[in-house]
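Down below is the structure, laid out as structure tokens.
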Amino acid sequence: FHGIISREQADEILAGVEGAYILRESQRQPGCYTLALRFGNQTLNYRLFYDGKHFVGEKRFESIHDLVTDGLITLYIETKASEYISKMTTNPIYEHIGYATLLREKVSRRLSRTKNESRKASVTSEENTPVEKISSLVRRAALTQNDNHFNYEKAHNFKVHTFRGPHWCEYCANFMWGLIAQGVRCSDCGLNVHKQCSKYVPNDCQPDLKRIKRVYCCDLTTLVKAHNTPRPMVVDSCIREIEARGLKSEGLYRVSGFTEHIEDVKMAFDRDGDKADISANMYPDINIIAGALKLYFRDLPIPVITYDTYSKFIDAAKISNPDERLEAVHEVLMLLPAAHYETLRYLMIHLKKVTLHEKENFMNAENLGIVFGPTLMRPPEDSTLATLNDMRYQKLIVQILIENEDVLF
């Protein structure tokens, strides 16, 4: 550390010594620090930050020495192999390996069907597909014979990752360089790629059940693809139980069950998945199961009615003409991700059944709209005012979906 010195002084100190570096305090901004690094016969200056670890970009290091070492490796690779790097993604192995080959036809079929037909979920199976012994490079790709996979498109959930020992990109098959944070890993399926390669990987993530640590608070599409089901098993299990013994229960979904018992149900699903026991022997009060279902929807990181479609649904609800409003709601429904659409469709069919027992349970479509409006849709920005202003439209959207489920879905 050389205190407050100018760029020119730093350049004089480092002149002629490749790979040398010093730290200095900025003359223009006292309290801000700069890493001056000699590379390629010139002095490079980087704003240096510290939050418990030292960093210039997104990588964080325990020491300045490690930061410089990683930086020199990166600079050398980018300088000496720029042509090589620019060509890495032009002929990826990803397009020729088992995973992409097996999925490509199914994905194209789903996309064409989405444009021309309704969005009702369908199942495809791979008939007579030989299961080849695939290297660890594409271990995620193994699709077992006759294994059903729901045609839900899902983006990879990439996060910066530090690989121990030499590692190669599973998209372009090229080496990942650097000391730490050499690339990114999909936390749902385990795909390892360069950060720049991650931009080209298609939305074909097949989540590994071993990586899904819980059921509640898990992305809806991730959960259904990991369990290979059309809808979250929580939704199926709870609705099945409610329809078996609770449709005539007074105030169904409006009356709350004991919070601690609802939390017990949540923990049971997180621990046991679709084997969770929510029977009458375990939970006699059906309001506990109804509460657990509502909690599942509230805990979703992306609501069933997604943030991307929220404002469009609200705008549709504001249309005064009933026929035009219904058509607008239908158009926005087509924008929902397939897993969200299927979950919403299944729930609305169930809620329609609830309204058929209105004389016993006193829950009509409007009452259910009041309950499920804020549960199924939330504004993208966490604004109490926006939520309050939109509550009547949230209620109206759910009411419309229930009353017209046979037409809309």
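The values are calculated or read from the model by the stated rules, or taken from the named source; none is laboratory data. Keep in mind that what you see is a predicted model, and the values were worked out from it rather than measured. For neighbour counting, all protein chains shown are included, and Cβ atoms are generated from backbone atoms with ideal geometry for every residue, glycine included. SASA here: full protein model, heavy atoms, side chains in, ligands and nucleic acids out. Shrake-Rupley method; radii C 1.70, N 1.55, O 1.52, S 1.80 Å.
Going through (1) open to solvent by 60 Å² or more (accessible area, probe 1.4 Å); (2) in a loop (DSSP other than H, G, I, E, B) one by one, E12 falls short only on (2). Scanning the range 314-325 for residues that are open to solvent by less than 40 Å² (accessible area, probe 1.4 Å) and not β-branched (V, I, T) gives A316, A317.
Taking the stated definitions as given, is C205 outside the structural domain of D264 (by the TED database), surrounded by fewer than 16 Cβ atoms within 10 Å (Cβ to Cβ), among the hydrophobic types (A, V, I, L, M, F, W, C) and in contact (Cβ under 8 Å) with a residue 40 or more places away in the chain?
When the stated conditions are applied, C205 does not pass them.
Of all residues in the range 22-31, none are assigned to a loop (DSSP other than H, G, I, E, B) and modelled with pLDDT of 90 or more.
For the range 384-391, the criterion of being among the hydroxyl-bearing types (S, T, Y), modelled with pLDDT under 95 and out of contact with any helix residue (DSSP H, G or I) (no Cβ under 9 Å at 6 or more places or on another chain) is met by at least one residue. The numbered conditions (1) over 20 Å from T343 (Cα atoms); (2) touching an Asp or Glu at 6+ places or on another chain (Cβ under 7 Å) are all true for E324 except (2).
Every condition in (1) assigned to a helix (DSSP H, G or I); (2) closer than 30 Å to K266 by Cβ is met by Y216 except one, and the failing one is (1).
Return the only residue of G31, G57, G19 being in contact with a strand residue (DSSP E or B) (Cβ under 9 Å, 6 or more places away or on another chain), without any contact (Cβ under 8 Å) to a residue 12 or more places away in the chain, under 29 Å from K195 (Cα atoms) and open to solvent by less than 70 Å² (accessible area, probe 1.4 Å). So the residue among G31, G57, G19 that is in contact with a strand residue (DSSP E or B) (Cβ under 9 Å, 6 or more places away or on another chain), without any contact (Cβ under 8 Å) to a residue 12 or more places away in the chain, under 29 Å from K195 (Cα atoms) and open to solvent by less than 70 Å² (accessible area, probe 1.4 Å) is G57. Within the set D315, D382, the sole residue that is of a type in the set (D, E, K, R), not assigned by the TED database to the domain that holds G251 and not in a helix (DSSP H, G or I) turns out to be D382. Just so you know, in the range 39-50 the residues that are part of a strand (DSSP E or B) and over 41 Å from the mean Cα position of the chain (by Cα) include one that is surrounded by the fewest Cβ atoms within 10 Å (Cβ to Cβ), and it is Q42.
Scanning the range 260-294 for residues that are in contact (Cβ under 8 Å) with a residue 24 or more places away in the chain and of a type in the set (S, T, N, Q) yields a total of 2. Being of a type outside the set (D, E, K, R), in a loop (DSSP other than H, G, I, E, B) and either outside the structural domain of S249 (by the TED database) or surrounded by fewer than 22 Cβ atoms within 10 Å (Cβ to Cβ) (or both) is a property that M363 has. How many residues does the range 333-347 hold that are open to solvent by less than 10 Å² (accessible area, probe 1.4 Å), part of a helix (DSSP H, G or I) and touching a Ser or Thr at 6+ places or on another chain (Cβ under 9 Å)? Of the residues in the range 333-347, 3 are open to solvent by less than 10 Å² (accessible area, probe 1.4 Å), part of a helix (DSSP H, G or I) and touching a Ser or Thr at 6+ places or on another chain (Cβ under 9 Å). Residues in the range 152-192 that are of a type in the set (K, R) and open to solvent by 50 Å² or more (accessible area, probe 1.4 Å) were compared, and the one that is farthest from the chain's Cα centre (by Cα) is R164. Filtering D277, D272, D264 for residues that are acidic (D, E), part of a helix (DSSP H, G or I), open to solvent by 30 Å² or more (accessible area, probe 1.4 Å) and modelled with pLDDT of 95 or more leaves a single hit, D264.
Return the only residue of K195, K248, K199 being within 25 Å of Y346 (Cα to Cα), open to solvent by 60 Å² or more (accessible area, probe 1.4 Å) and not assigned by the TED database to the domain that holds Y346. After ruling out the rest, the residue left standing is K248.
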